[in-house]
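Colleague: Got a structure here, written out as structure tokens. Questions coming.
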Amino acid sequence: MDKQQQYKRAFTHLDKNGDGKLSPPELQVFMGKIGRELSLDEAEIVAEMIGSDGDGLLSFEDLVKVVESANDEEKVNDLKMAFKMYEEKEGCGCITPKSLRRMLSRLGESRSVDECELMIAKFDLDGNGVLDFQEFYDMML
């Protein structure tokens, strides 16, 4: 079963009155089931912001947008944590060939600084010899 089918199945299960829309309380239950806790107030705000027709309810397509944006946010947070592990020093905002070599070594991958320079060069869009977070993000996705 693919993601769309899973979403549709969950949507149908949560749409208690069968009107093809989820109310904020139904959204709150759904988000809880996928590990995202929302207060009723937050669910109402999300329904107002994401709902495509302004009725304070979410269609199936609206719900998919909510879930996918939550997944995207989680991906970005995970990548930020990974990026910090590779940084030259905490807060410098870049991955250098030496810091990449050090992290790869910790992971059991023995690489030379020259090899790490080549790896970085493939994704170094501004040509400064290091990866900033956006370049790291683009590389990982």
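Colleague: Which helices (runs of 4 or more DSSP H) does the stretch 14-97 wholly contain that include 3 or more residues that are within 30 Å of C116 (Cβ to Cβ)?
Modeller: Answer list for the stretch 14-97: 60-86.
Colleague: Follow-up. Those residues that are modelled with pLDDT of 85 or more and hydrophobic (A, V, I, L, M, F, W, C), I need them from the stretch 1-33; list them, please.
Modeller: L22
Colleague: Scan the stretch 29-44 and report the pairs whose first residue is more than 20 Å from H13 (Cβ to Cβ) and whose second residue is part of a helix (DSSP H, G or I), with Cβ atoms within less than 7 Å and a gap of 6+ or a chain change.
Modeller: Taking only residues 6 or more apart or on different chains, the pairs are E44/P24.
Colleague: So, in the stretch 104-120, exactly how many residues are under 26 Å from the mean Cα position of the chain (by Cα) and either surrounded by fewer than 16 Cβ atoms within 10 Å (Cβ to Cβ) or touching a residue at least 24 places away in the same chain (Cβ under 8 Å) (or both)?
Modeller: 3
Colleague: Now, a different point. Which condition number does V64 fail, the rest of (1) touching a Pro at 6+ places or on another chain (Cβ under 9 Å); (2) under 28 Å from L14 (Cα atoms); (3) touching a residue at least 24 places away in the same chain (Cβ under 8 Å) being met?
Modeller: It fails just one condition, (1).
The values are calculated or read from the model by the stated rules, or taken from the named source; none is laboratory data. Since this is a predicted model, take the numbers as computed values, not measurements. Positions of Cβ are backbone-derived with ideal geometry, glycine not excepted, and every protein chain shown enters the neighbour counts.
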